[in-house]
1. Give me the number: length gained by fully extending Tyr51 to Leu13, i.e. 0.36 nm times residue separation minus the C-alpha to C-alpha distance, one decimal in nm.
2. Quick one: grab Rg to one decimal and Dmax as a whole number for the chain, Cα atoms only, in Å.
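None of the figures in this text is laboratory data; all of them are computed from the coordinates on show. Worth saying up front: this structure is predicted, and the values here are computed from it rather than measured.
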Amino acid sequence: MKPIQVMFDERLLARLDADAEVQRDGRSAVLRRAAADYLRRRRARKLKDAYEVAYGRPAAPGGKEA
């Protein structure tokens, strides 16, 4: 792993540090999971958008276009 420096607003950092999961697993572990989750959601959104472009908008129930 590579160390990085990230700037946080003091209030946001205090809220993060008060979280039970952060206290249990550590700030770095929680932020790594958050970053990985963000990238998974972004990839899923890009794939969904690509399918919609390729196949058109999904049909609404009853066979009518949405």
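1. Working: separation 38, 0.36 × 38 = 13.68 nm, distance 3.81 nm.
Taking Tyr51 through Leu13 to full extension adds about 9.9 nm, to one decimal.
2. Reported Rg and Dmax, both Å: 19.2, 54.
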